[in-house]
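Comments concern the structure below.
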Amino acid sequence: MDLKPLIEKLEKMGYTDIYSWCDEPGTYYNWHTHNYDEVRLVYKGSITIGTEETVYHLKEGDILEVKAGTKHWAKTDTGVCYLCGSKK
């Protein structure tokens, strides 16, 4: 898959330090926060990300922006690949 158009989309949204990340089925990240606004753009598989307010079920093509300091967790049952970026 050509990720260049997806990376350019995130750059136009103001994100930097963009990289690709993949998690295997069963991966779980416990509650945590980030110092900067973060974005996740799913390009393969699916992931669930929960905040104290709601739970998001992301699949291919979905984007989620998480504001700095937002407490959240993430898990994937199927495996997932996504682009990550930060807005400082």
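The ranking of His57, His34 from fewest to most other beta carbons within 10 Å of each one's beta carbon is His57, His34.
For the chain, taking a cut-off of 4.7 Å between Cβ atoms, the unpaired cysteines are Cys84. Counting only other residues whose beta carbon sits under 11 Å from that of Gly69, what net charge do I get with K and R as +1, D and E as -1? Value of the local net charge: 0. By the helix-only formula, in which each DSSP H run with n ≥ 4 contributes -39500 (n - 2.57) and the sum is divided by residues, the chain has a 222 nm mean residue ellipticity of -3000 deg cm²/dmol.
Taken about its Cα centre, the chain carries a charge dipole of about 140 debye when Lys and Arg each add +1 at the Cβ and Asp and Glu each add -1 at the Cβ. How big is Rg to Rh over the stretch 4-87, alpha-carbon atoms, Rh as the Kirkwood inverse-mean-distance radius? Rg divided by Rh gives 0.94.
Projecting label points 7 angstrom from Cα along Cα→Cβ for His57 and Asp77 puts them 0.9 nm apart.
Read the figures in this text as sums done on the coordinates, not as results from a lab. On a predicted model such as this, the values are computed, not experimentally measured, just so you know. All Cβ positions, glycine included, derive from the backbone under ideal geometry; neighbour counts span all protein chains shown.
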